[in-house]
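Take a look at the structure set out below.
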Amino acid sequence: MMRMKELRAGYLFVLPALVYMLFFVGYPIVDNVRLSLFDVNVMNLASGHQPYVGLDNYTALFNEGTIKLVLLHTFVFTAACLVLQFVIGLALALLFNLGFRMAQRLRGLVMISWLLPATITAMMFKFMFGSDGIVNDTLLRLHLIGSPIEWLVSSGLAMFTVVLANTWIGIPFNMILLSTAMTTIPRDIYESAAIDGATAVRRFFRITLPLLKPAILSLLVLGFIYTFKVFDLVLIMTHGGPVNATQMMSTYAYNLSFEQFKYSQGAAVSNVMFLVLLIVGVLYLKLLNREERE
């Protein structure tokens, strides 16, 4: 009897969160899938005459070809950001874990970039890398360039600039998570390895990295999800340009839905993005379960 009461109380505590998730997360996902199976645009939105087209929206998108380019851009952007954020974050975590004077204050300063809203960061980088921004001004003063570089107008440089901005945002998250994970590694292991003659580099690759594996796995998956669906940063800095050079899945869905008014095709792009993230999430859970069994 007591067991049933505890279960009932547990369900009651979970119920508000479950209702919230079903209403604000579950329903939009289901409705977005439904929307992608119809032909909904600005002409028939109010009339209610929205013909069912099945998978035609997905077929049209892939036949048109832009979504393939956008997918490639999104994966390149995500991979570049993940590598840079992880490497720099790990280096800073190792540095601050040395426990030198001012380490805590410097760590706090690094966290500022993560605490700032993405829109503020986007505007800041947009002004910095403008034709008359501080970056060009500094390079001109140092006589490293002869004329201002159009960072946000050139196709190759625009992607580099957006990657740089997103990396600046993500470094603190990588640093703090890795730094926290390092504190859980027993110091006795390092002391024993040092007594056996292991160098600092050998201790890093044989002790630190293997014991950080669960944290690294979580970090990379969370970083992939956060970076793959980036929206406001790209929209403010480049709006997907020039000529779709920095167009991501999220900005492309926005462009189709709210600029071209092709609501069903915009929903289809969102569903493709959701499918990619769902696959990554499932793979993460499988890897996590395998790690726990080992």
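Here is how the numbers come out for the structure above:
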quantity: Qualifying position, being more than 30 Å from Gly241 (Cβ to Cβ), of a type in the set (Gly, Ala, Ser) and open to solvent by 50 Å² or more (accessible area, probe 1.4 Å), among Ala103, Ala91; calculated: Ala91
quantity: Test: Ser147 is surrounded by 12 or more Cβ atoms within 10 Å (Cβ to Cβ) and at pLDDT below 90; calculated: no
quantity: Conditions (1) open to solvent by 10 Å² or more (accessible area, probe 1.4 Å); (2) farther than 23 Å from Arg105 by Cα; (3) in contact with a Leu (Cβ under 6 Å, 6 or more places away or on another chain); (4) not small (Gly, Ala, Ser): number failed by Leu177; calculated: (2)
quantity: Listing of helices (runs of 4 or more DSSP H) fully contained in segment 184-265 that carry 2 or more residues being touching a residue at least 40 places away in the same chain (Cβ under 8 Å); calculated: 213-228, 232-237, 249-258
quantity: Hits in segment 191-210 (condition: farther than 14 Å from Leu94 by Cα and not charged (D, E, K, R)); calculated: Ser192, Ala193, Ala194, Ile195, Gly197, Ala198, Thr199, Pro210
quantity: Those residues of segment 117-144 which are without any contact (Cβ under 8 Å) to a residue 24 or more places away in the chain, surrounded by 13 or more Cβ atoms within 10 Å (Cβ to Cβ) and of a type in the set (A, V, I, L, M), in sequence order; calculated: Met124, Met128, Val135, Leu139, Leu140
quantity: Cross-chain or 6+ apart pairs with Cβ under 7 Å, segment 151-166 first and under 16 Å from Ala122 (Cβ atoms) and free of Cβ contacts under 8 Å to residues at least 40 places away in the same chain, then polar (S, T, N, Q) and open to solvent by less than 60 Å² (accessible area, probe 1.4 Å); calculated: Trp151/Thr161
quantity: Which numbered condition Gln85 fails, given (1) surrounded by 10 or more Cβ atoms within 10 Å (Cβ to Cβ); (2) at pLDDT below 90; calculated: (2)
quantity: Some residue of segment 32-41 being touching a Phe, Trp or Tyr at 6+ places or on another chain (Cβ under 6 Å) and either of a type in the set (A, V, I, L, M, F, W, C) or loosely packed, with under 10 Cβ neighbours inside 10 Å (or both); calculated: yes
quantity: Scope segment 65-87; condition in a helix (DSSP H, G or I) and closer than 18 Å to Ser270 by Cα; matching residues; calculated: Thr66, Ile67, Lys68, Leu69, Val70, Leu71, Leu72, His73, Thr74, Phe75, Phe77, Thr78
quantity: Residue, most open to solvent (accessible area, probe 1.4 Å), within segment 42-65, restricted to residues that are hydrophobic (A, V, I, L, M, F, W, C) and without any contact (Cβ under 8 Å) to a residue 24 or more places away in the chain; calculated: Met43
quantity: Selection from segment 44-64 of residues that are part of a loop (DSSP other than H, G, I, E, B) and touching a helix residue (DSSP H, G or I) at 6+ places or on another chain (Cβ under 9 Å); calculated: Leu45, Gln50, Val53, Leu55
quantity: So Leu15, is it free of Cβ contacts under 8 Å to residues at least 40 places away in the same chain, of a type outside the set (Ser, Thr, Tyr) and either part of a loop (DSSP other than H, G, I, E, B) or open to solvent by 90 Å² or more (accessible area, probe 1.4 Å) (or both); calculated: no
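The values are calculated or read from the model by the stated rules, or taken from the named source; none is laboratory data. Everything quoted here is computed from the prediction, not taken from an experiment. Counting neighbours? That spans all protein chains shown, and the Cβs are built from the backbone with ideal geometry, glycine included. For accessibility, only protein heavy atoms count, side chains too; no ligands or nucleic acids. Shrake-Rupley method; radii C 1.70, N 1.55, O 1.52, S 1.80 Å.
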